[in-house]
1. Across the range 289-321, what is the number of residues that are part of a loop (DSSP other than H, G, I, E, B) and surrounded by 20 or more Cβ atoms within 10 Å (Cβ to Cβ)?
2. Among (1) open to solvent by 20 Å² or more (accessible area, probe 1.4 Å); (2) in a helix (DSSP H, G or I); (3) in contact (Cβ under 8 Å) with a residue 12 or more places away in the chain, which single condition is ASN286 missing?
3. Give the number of residues within the range 234-246 that are in contact with a helix residue (DSSP H, G or I) (Cβ under 8 Å, 6 or more places away or on another chain) and open to solvent by 20 Å² or more (accessible area, probe 1.4 Å).
4. When you scan the range 31-50, how many residues do you find that are assigned to a helix (DSSP H, G or I) and open to solvent by less than 40 Å² (accessible area, probe 1.4 Å)?
5. If I ask for residues that are within 19 Å of ILE134 (Cβ to Cβ), in a helix (DSSP H, G or I) and aliphatic (A, V, I, L, M), which ones from the range 236-281 would you list?
6. Do we have VAL18 as in contact with a helix residue (DSSP H, G or I) (Cβ under 9 Å, 6 or more places away or on another chain) and crowded, with 20+ Cβ neighbours inside 10 Å here?
7. Going through the range 399-422 one residue at a time, which ones are open to solvent by 10 Å² or more (accessible area, probe 1.4 Å), among the hydrophobic types (A, V, I, L, M, F, W, C) and within 13 Å of ASN378 (Cβ to Cβ)?
8. It is to be established whether one or more residues within the range 158-171 are surrounded by 16 or more Cβ atoms within 10 Å (Cβ to Cβ) and more than 26 Å from THR113 (Cβ to Cβ).
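The values are calculated or read from the model by the stated rules, or taken from the named source; none is laboratory data. Model, not experiment: these values are computed from the prediction. Heads up, the Cβs are rebuilt from the backbone with ideal geometry, glycines too, and the neighbour counts pull from every protein chain shown. Just the protein is used for accessible areas: all its heavy atoms, side chains included, with ligands, DNA and RNA removed. Shrake-Rupley method; radii C 1.70, N 1.55, O 1.52, S 1.80 Å.
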Amino acid sequence: MLRLFLLVGGLLTLGLIVWHIGPGNIYDAAAQLGPVALLVMLIPSAIMYAIEAYGWKLTLGTSAKEIPFWRVLAIRTAGEAVNMTTPAGYVGGEPLKADLLRKHHVPMEEAFTSVIIAKTTMTIAEVLFILLGIALWVWLLGGSESSGQTLPAALLSVGLLAFVTAGLVFVQRQGLFTWLLDFLRRIGLKIAYLEAREERLKSLDRAVWGFYRHKRPAFCASTGLFFLGWIAEALEVYVIIWYLGGPAMALSAISISALSVFIKSSTFFIPGSLGAQDGGNLLLLNAFGYSDVTGITFALLRRFRELVWIGIGLLCLALVGGRQREFRKVAHTTPAMVPNTFSLPPLDSAEVVCTPVLRKAHFWQRNARVSLNERQRNMLNRVLDGFKDNLTAGKWAVIAKCSIPTAQRDIKELIDQGLLVRNEGESENTSYSIAAQ
């Protein structure tokens with residue numbers, strides 16, 4: 001109900017602004033722009049998406065060597081489309097990114113680690129960009145009355161954002177999910193879903209901590225790339241203002257872009273920041289000496305850009321998620337092809353234990369809906385058929401004709417899915433076996 005109220009309020013606010021300025025005036029300003037101008041306005045955001053996708057790719061670790069950049073870009077674009085269409089603090093698309101990575105053979109732990117780290121580096125870059133924008137605002141506008149009234153509030157808000165970001169990094173280094181579980185237990189709240197996955201969450205905490213400890217250059221490089229991505233967004237501001245008749249100035253564009261990002265981040269609880277973002281952009285351009293018509297046209301053109309990228313993101317989701325939908329189709333069809341009268345005995349019964357054929361059939365019946373690549377399926381069949389030697393990552397690599405890192409990722413994913421278990425021992429020749437079903 002609250003979301004609906006905020007959405008309606010945002011629509012009314014935007015409608016009142018347009019009515020006050022005059023739809024005719026806005027149309028006259030927008031009519032001066034042709035298709036070529038609209039396409040040129042999309043170039044900076046395309047650069048921004050590409051730079052930020054590479055910033056995310058740096059956090060992927062070993063998997064980054066095998067997954068193509070265009071796929072990382074497509075997955076990130078799909079996730080950002082979800083972020084822009086949900087009021088969940090612009091993080092609604094992050095689990096989707098991790099899931100799409102996992103569907104493309106990136107281990108679950110590595111996928112979620114990269115999403116967490118990339119979101120953190122992006123937020124740090126965002127805070128730095130906003131601070132730069134405020135500094136330029138004070139310098140360009142001097143001691144004007146408007147800047148004097150709003151500067152303390154802006155600095156306080158950015159300071160709070162920086163404090164929260166620093167706290168998030170600190171908690172991640174200490175163990176985000178471990179801390180969350182301990183906190184919930186202290187207040188007497190136990191969530192079954194989290195409790196059942198405690199070991200996986202702790203493993204994810206260790207992976208995040210390991211990234212901060214051993215991959216600091218990648219962390220700094222990712223932060224720098226995301227900062228360049230924000231600068232590319234400032235280029236979009238410059239281009240739009242220039243097409244609307246200017247005058248366009250680089251430093252003003254950076255300040256306007258940074259403060260616009262700040263407004264959008266501060267109003268995340270409103271679906272799409274509707275009304276707040278548009279009114280904020282109007283006031284920003286007014287403060288820098290632009291007319292109301294230029295301000296609202298600028299705001300609407302940025303909305304146009306968002307709609308275009310939402311459409312592109314949904315298209316990317318259809319493309320990179322195609323395999324997943326096809327698998328679901330097969331998974332839903334397969335049970336219908338199996339007679340209902342065909343029933344297998346429990347795995348722990350003597351007959352199944354002594355009969356590899358029934359054990360194998362039972363295994364695949366229980367795991368018909370699990371997404372596996374061809375190497376994983378073939379190797380599991382080999383083990384179920386009675387693989388006499390101990391299964392290790394080295395033997396997996398030789399038999400499946402792949403690299404050892406690829407074999408380790410295949411095995412790690414099967415462990416995460418509960419199909420394999422690690423046998424006793426932590427040496428380099430650690431062996432694995434089929435998990436009890």
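1. 1
2. Every listed condition holds for ASN286 apart from (3).
3. 6
4. Of the residues in that region, 8 qualify.
5. Answer for the range 236-281, where residues must be within 19 Å of ILE134 (Cβ to Cβ), in a helix (DSSP H, G or I) and aliphatic (A, V, I, L, M): VAL237, ALA250, LEU251, ALA253, ILE254, ILE256, ALA258, LEU259, VAL261, ILE263, ALA276.
6. no
7. Once the filter is applied, which keeps residues that are open to solvent by 10 Å² or more (accessible area, probe 1.4 Å), among the hydrophobic types (A, V, I, L, M, F, W, C) and within 13 Å of ASN378 (Cβ to Cβ), the range 399-422 yields ILE399, ALA400, CYS402.
8. yes
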